[in-house]
Amino acid sequence: MNVLVTAGPTREAIDPVRFVSNRSSGKMGYAIAAAARRAGHTVCLISGPVALPAPRGVEVVRVTTAAEMLAAVQRRVRSCDLLVMAAAVADWRPKQPARRKLKKQDGPPRITWEPTPDILQTVAQRKTARQIFCGFAAETHDLAREAQRKLRAKNLDAIAANDVARADRGFEADHNALTIFFADGCVRQVGWTTKARAARVLLRELAAYADRKKSENIFEK
Ligand code: PMT
């Protein structure tokens with residue numbers, strides 16, 4: 001299978017020196033890319049700015065902004081069988097980044113914000129029946145409700161929700177715990193474990209969902 005994975009944060013410029021970003025280290029997405037490669041798949045990893053080495057045998061495309069990540073995903077999504085969006089993409093960006101470094105003596109920067117493109121929502125509109133799209137949901141509260149809302153809103157096959165309010169999982173941590181919601185109503189728990197193992201279990205569960213989806217389509221014909 002062709003697997004397309006996104007990982008890491010995006011950076012949205014405030015001025016030539018400063019930007020808005022988040023704490024994503026890329027570990028979760030890189031673990032998914034490495035696990036997919038070890039399972040024998042062809043893997044392309046689209047990565048925001050992180051301090052991780054490229055997983056062996058994986059094509060890595062480095063991007064910085066949400067707009068660059070959208071363009072990189074759009075260039076590759078048609079040929080992928082599985083898309084896993086583990087990247088922490090900024091939701092908002094400064095509408096007009098300053099061309100010169102903002103000076104302290106000018107006081108706090110007044111910034112007008114605009115939404116970034118919703119990458120998953122954009123590409124999921126053209127998802128084909130043979131493709132599987134899996135998102136991630138980073139939640140600090142109402143995890144199940146928020147994840148299931150995103151599953152439907154973004155026309156996904158699955159969404160892996162993680163609690164990012166705790167230091168021992170989610171952003172930057174070496175471990176994670178996932179609740180995976182599937183479009184066919186199945187829910188799977190991955191208890192607190194290493195991101196490497198969480199990635200393997202996620203891929204296994206996505207493969208099982210793909211089998212369910214295939215057999216369902218056969219019965220529909
Ligand atoms: O990188 P690590 O340090 O290992 O941390 C892992 C992680 C916490 C970043 C990861 O497990 C995770 O939760 N990634 C998703 C973070 C995120 O942006 O979640 P969200 O609920 O805000 O977004 C929902 C989904 O929409 C995500 O699949 C996201 O990639 C996607 N999205 C979001 C915004 C946007 N403009 N376009 C998108 O496609």
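The values are calculated or read from the model by the stated rules, or taken from the named source; none is laboratory data. Because the structure is a prediction, the values reported are computed rather than measured. Glycine also receives a Cβ, built like all others from the backbone with ideal geometry; neighbour counts cover every protein chain displayed. Surface areas here come from the heavy atoms of the whole protein model, side chains and all, with no ligands, DNA or RNA. Shrake-Rupley method; radii C 1.70, N 1.55, O 1.52, S 1.80 Å.
Of the residues Ala33, Ala39, the single one that is closer than 18 Å to Val3 by Cβ and under 16 Å from the mean Cα position of the chain (by Cα) is Ala33. Filtered by the rule that a residue be of a type in the set (A, V, I, L, M) and touching a Lys or Arg at 6+ places or on another chain (Cβ under 6 Å), the stretch 161-175 gives no residues. Close Cβ contacts (under 8 Å, 6 or more residues apart or on different chains) running from residues in the stretch 153-178 that are at positive phi to residues that are of a type in the set (A, V, I, L, M, F, W, C) comprise Asn155/Ala124; Asn155/Phe133; Gly170/Ala138; Gly170/Val164. Within the bounds of the stretch 49-57, is there any residue that is among the basic types (Lys, Arg), open to solvent by 50 Å² or more (accessible area, probe 1.4 Å) and within 12 Å of the chain's Cα centre (by Cα)? Scanning the stretch 49-57 turns up no residue that is among the basic types (Lys, Arg), open to solvent by 50 Å² or more (accessible area, probe 1.4 Å) and within 12 Å of the chain's Cα centre (by Cα). Scanning the stretch 137-144 for any residue that is under 29 Å from Ala196 (Cα atoms), in contact with a helix residue (DSSP H, G or I) (Cβ under 8 Å, 6 or more places away or on another chain) and modelled with pLDDT of 95 or more turns up at least one such residue.
Consider the stretch 7-34 and keep the residues that are within 9 Å of the ligand (Cβ to nearest atom) and open to solvent by 50 Å² or more (accessible area, probe 1.4 Å). The one that is nearest to Ala173 (Cα to Cα) is Lys27. Applying the criterion of being hydrophobic (A, V, I, L, M, F, W, C) and farther than 15 Å from Leu151 by Cα to the residues of the stretch 109-134, the residue that is modelled with the lowest pLDDT is Ala129. Within the stretch 50-96, if we keep just the residues that are part of a loop (DSSP other than H, G, I, E, B) and basic (Lys, Arg), the residue that is nearest to the ligand (Cβ to nearest atom) turns out to be Lys95.
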